[in-house]
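A.B. asks: The structure's right below; bear with me while I get my questions together.
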Amino acid sequence: MKPLRRRELLMGVTGGVGLATVAGGALAKPDAAAVGAPGPIRLAISEQTHKPFILPLLRLIAEAAGLQWQLQLLPWPRALLGAELGQHLTFGLSRNPARDKVFAYSQPAFVSRGWLVVPKARPIVFERLEDLRGLTLCVSRGATYGAAFEDARRRLFRVEHGGNDLEGRARMLVAGRCDAMLATHRGSAAALERRLRPLRDGAQLQVLPRPLVEEGILFAAAKGSEPALLLPRLDEAIQRSRAAIQALVDSDL
């Protein structure tokens with residue numbers, strides 16, 4: 001079965017040749033020695049970002065592009081609104097038809113997948129969407145996963161909205177409020193299991209081997225805006241950095 005393509009990921013990032021301050025915490029000062037680079041570029045990301053992975057990722061891309069980030073960690077709706085208004089770049093979203101009318105995009109920096117997590121004591125078999133008929137899935141509050149997912153939700157399964165933190169939804173799952181939890185992770189099922197293990201009750205959980213959702217994660221800026229002029233430069237940086245990006249994706253960060 002081909003995974004559904006996710007249409008929205010509540011994810012954010014940060015990094016750069018040098019790191020400017022970010023709301024909620026101070027980072028290193030920008031590197032004034034960067035030669036030929038424009039001034040710090042405003043980049044808005046979700047305040048819910050998984051920083052151990054995203055900070056090195058954005059630093060890597062910025063170094064390849066010769067840029068510095070001026071980062072803002074914001075609630076995701078505010079990050080998107082500011083990008084729509086041409087105030088900044090944003091990172092962490094995927095494409096959908098409504099956004100395509102407003103945004104220009106970079107090529108995907110990496111692919112994020114939505115994996116089904118179940119209690120080891122209550123396993124399920126997932127090979128095709130029909131296997132989810134009658135089940136309840138715990139998902140992040142405010143997240144959407146594309147037209148195909150929404151169609152399947154109406155026909156086959158129901159969702160229970162939890163918090164955006166992984167541990168909170170894992171508690172819901174162990175408590176029996178849902179049959180499976182949808183958790184996003186850019187790596188393999190085994191990598192997600194390693195991330196779950198330190199959580200309370202994490203050892204009781206297992207990740208099913210087939211992802212339900214899959215989508216590329218992009219930089220975006222309003223069409224015709226000044227930030228959009230940087231997208232070709234970011235494309236080149238992403239392309240040059242593919243091997244190093246893949247090493248980060250494959251890591252346990």
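A.B. asks: Please give the peptides 51-60, 129-138 ranked by average Cβ packing (other Cβ atoms within 10 Å per residue), highest first, as a rough proxy for protection.
C.D. replies: Answer by packing, highest mean first, reads 51-60, 129-138.
A.B. asks: List the pair-distance distribution P(r) of the stretch 154-253, using every Cα-Cα distance, as the percent of pairs falling in each 5 Å bin from 0 up to the bin containing the longest distance, rounded to whole percents.
C.D. replies: Going out from 0 Å in 5 Å bins, the stretch 154-253 shows 2, 10, 16, 17, 15, 12, 11, 10, 6, 1 percent.
A.B. asks: Also: At residue 197 and residue 243, where each label point lies 7 Å from the Cα along Cα→Cβ, what is the point-to-point distance in nanometres?
C.D. replies: 2.9
A.B. asks: A further question on this structure: Using amide H atoms built 1.01 Å from N in the peptide plane, name the residues 5+ places from residue 223, or on other chains, whose amide H lies under 5 Å from its own.
C.D. replies: Hits under the 5 Å cutoff: 103, 104.
A.B. asks: When you have a sec, figure out the Kirkwood radius of the stretch 113-214 from all distinct Cα pair distances and drop it here in Å to one decimal?
C.D. replies: One over the average 1/r among Cα pairs gives 13.4 Å for the stretch 113-214.
A.B. asks: A follow-up question, please. State the extension gain, in nm to one decimal, for the chain segment bounded by residue 98 and residue 85, taking 0.36 nm per residue of separation less the distance between their alpha-carbons.
C.D. replies: Extending this stretch completely gives an extra 3.2 nm.
A.B. asks: When ranked by the protection proxy of mean other Cβ atoms within 10 Å per residue, highest first, what sequence do the peptides 80-88, 216-224, 198-206 form?
C.D. replies: 216-224, 80-88, 198-206
A.B. asks: Additional query: Give me the extension gain from residue 122 to residue 233: residue separation times 0.36 nm, minus the current Cα-Cα distance, reported in nm with one decimal.
C.D. replies: Length difference between fully extended and current span is 35.1 nm.
A.B. asks: Let me ask something else. Which length gain, in nm to one decimal place, applies between residue 210 and residue 251 when the Cα-Cα distance is subtracted from 0.36 nm times their residue separation?
C.D. replies: Contour length minus Cα-Cα distance gives 12.8 nm.
A.B. asks: Right, something else. Going Cα to Cα from residue 51, which aspartates and glutamates come in below 18 Å? Please leave out same-chain ones fewer than 8 positions away.
C.D. replies: Straight-line reach from residue 51, under 18 Å: 63, 165, 167, 250, 252.
A.B. asks: If I take every Cα pair under 8 Å that is 6 or more residues apart in the stretch 156-253, average their sequence separation and divide by the length, what percent do I get for the relative contact order?
C.D. replies: Taking the mean separation of contacting Cα pairs over the length of the stretch 156-253, I get 21 percent.
A.B. asks: Also, I was wondering about something else. How would you rank 150-156, 168-174, highest first, on the average number of other Cβ atoms within 10 Å across their residues?
C.D. replies: Ranked by mean Cβ neighbours within 10 Å, highest first: 168-174, 150-156.
Read-outs throughout are calculated quantities, based only on the coordinates presented, and are distinct from any laboratory measurement. As the structure is a prediction and not an experimental result, all values here were calculated from the model. We place every Cβ from the backbone using ideal geometry, glycine too, and count neighbours over all the protein chains shown.
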